[in-house]
Ligand code: ADP
């Protein structure tokens with residue numbers, strides 16, 4: 001893959017705060033136009049890494065580049081092309097949403113005032129706050145503030161949005177709204193965001209890295225992580241005695257294991273598959289070749305990120 005396909009490249013970043021080793025050598029690459037979920041329990045080091053990228057915190061060692069530019073040496077040029085939403089965005093409470101947006105955007109918007117105003121209107125519409133644009137922030141809900149924060153991060157047409165826990169503190173409706181906005185933004189920009197909520201990652205990200213105690217413990221396309229950890233399992237519920245069919249399946253080289261449990265008079269077979277294509281073609285036929293067996297249910301087991309995440313985190317401890 002060409003260098004320029006990566007918006008963020010991180011090599012061996014470590015960070016020590018006194019005795020606390022917050023990051024223990026993180027390598028990570030974020031591809032252009034991806035929506036990259038940076039997942040990890042509280043205290044894993046997510047905010048620290050994001051702050052290092054923004055040069056708000058200095059790494060102890062290691063290096064990183066954004067848009068091919070070194071984060072230490074070219075941070076000003078980088079910052080012009082990044083939008084950042086901190087975990088707890090602050091606004092001036094007595095000012096309206098529009099006033100807040102214009103006030104803050106003036107610091108980094110490069111263009112005439114009328115263009116800035118137009119852009120602020122556009123952003124307020126994008127985050128669904130047009131009707132509340134002229135209300136004071138002090139009456140805003142957490143979700144509305146977060147949406148305003150995203151509008152602000154977007155004002156300067158950034159090529160990269162860094163969002164720190166954008167939806168984590170919100171109720172389900174607020175979270176849904178923020179996730180939908182992120183989904184819409186993916187056409188225009190690359191999004192690198194942190195969260196400790198697995199469901200959010202599964203809903204909007206295409207790529208994910210899992211950070212635990214300062215180390216990346218898994219990374220890649222979501223599908224790859226979900227399948228890679230546990231392999232493919234077919235879940236088959238049969239009526240009748242499955243022993244002879246289980247014996248037959250155990251002889252097949254592309255089957256690595258079978259568990260057989262009784263449930264309400266039926267048998268539940270979990271069949272671990274090494275070759276998906278062969279399983280698609282032959283598995284059901286092989287089972288049905290036994291005339292004693294009736295197949296009541298047949299499905300490919302889907303893993304939830306939650307299961308995979310717990311497995312990885314537990315395996316690391
Ligand atoms: P996360 O964002 O994943 O919750 P953080 O990056 O905030 O994790 O924190 C990682 C670790 O570094 C934690 O143990 C935290 O207590 C510690 N830490 C973060 N910031 C500081 C700081 N300014 N001084 C000392 N320790 C810190």
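Between residue 108 and residue 31, what length comes free when the chain is fully extended (0.36 nm per residue of separation minus the Cα-Cα distance, one decimal in nm)?
Residue separation times 0.36 nm, minus the Cα-Cα distance, leaves 25.2 nm.
Report, in whole Å, the centroid distance computed from the Cα atoms of segment 1-41 and segment 175-208.
Cα centres, segment 1-41 to segment 175-208: 17 Å.
For a quick check, take a GNM of the chain with Cα springs below 10 Å and name the residue from 20, 47, 195 with the largest mean-square fluctuation.
Per the Cα network of the chain with a 10 Å cutoff, 20 tops the list.
For segment 41-181, rounded, prolate or oblate, judged on the Cα gyration tensor with a ≥ b ≥ c (square roots of eigenvalues), a/c < 1.5 rounded, else prolate if a/b > b/c?
oblate
For the chain, set up a GNM with springs between Cα atoms under 10 Å and report which of 135, 63, 31 has the largest fluctuation.
In the Gaussian network model the winner is 135.
Sorted from fewest to most neighbouring beta carbons within 10 Å, what does the list 131, 34, 256 look like?
131, 256, 34
Just want the ordering: 94, 157, from fewest to most Cβ atoms lying within 10 Å of their own Cβ.
So the ranking, lowest neighbour count to highest, is 94, 157.
Based on the Kirkwood radius over alpha-carbon pairs, what is the Stokes-Einstein translational diffusion coefficient of segment 230-303 at 10 °C with 1.306 mPa s viscosity, in µm²/s?
Calculated translational D: 130 µm²/s.
Taking the Cα atoms only, what angle lies between the long axis of helix 276-288 and the longest principal axis of the chain, rounded to 10 degrees?
For 276-288 against the chain, the angle is about 40 degrees.
How far is helix 172-185 tilted off the main Cα axis of the chain, in degrees rounded to 10, range 0 to 90?
In the chain, helix 172-185 runs at an angle near 80 degrees to the longest axis.
Which of these, 196, 282, 88, has the largest mean-square fluctuation under a Gaussian network model of the chain (Cα springs below 10 Å)?
282
Quick check on the chain: of the DSSP beta bridges with both residues there, what percent are antiparallel, nearest 5%?
Counting DSSP beta bridges with both partners in the chain, the antiparallel share is about 70 percent.
So what's the convex hull volume per residue for the Cα atoms of the chain, in Å³?
176
Which whole-angstrom value gives the distance between the alpha carbon centres of segment 261-289 and segment 66-122?
Taking the Cα centre of each part, segment 261-289 and segment 66-122 sit 55 Å apart.
Mean separation of Cα pairs under 8 Å and 6+ residues apart, divided by the residue count of the chain: what relative contact order is that in percent?
19
Using Cα atoms only, what is the angle between the long axis of helix 113-126 and the major principal axis of the chain, expressed in degrees (0 to 90) to the nearest 10?
30
Under the rule of -39500 (n - 2.57) per DSSP H run of 4 or more residues, summed and divided by the residues of the chain, what mean residue ellipticity at 222 nm is obtained, to the nearest 500 deg cm²/dmol?
-10500 deg cm²/dmol
Only counting other Cβ atoms within 10 Å, I'd like 58, 117, 147 sorted with the fewest neighbours first.
Placing the least packed residue first, the sequence is 58, 117, 147.
Each value in this text was obtained by applying a stated rule to the coordinates, not by laboratory testing. Just so it is clear, the structure is predicted and the values come from calculations on it, not from any experiment. Note that we place each Cβ from the backbone using ideal geometry, even for glycine, and neighbour counts take in every protein chain shown.
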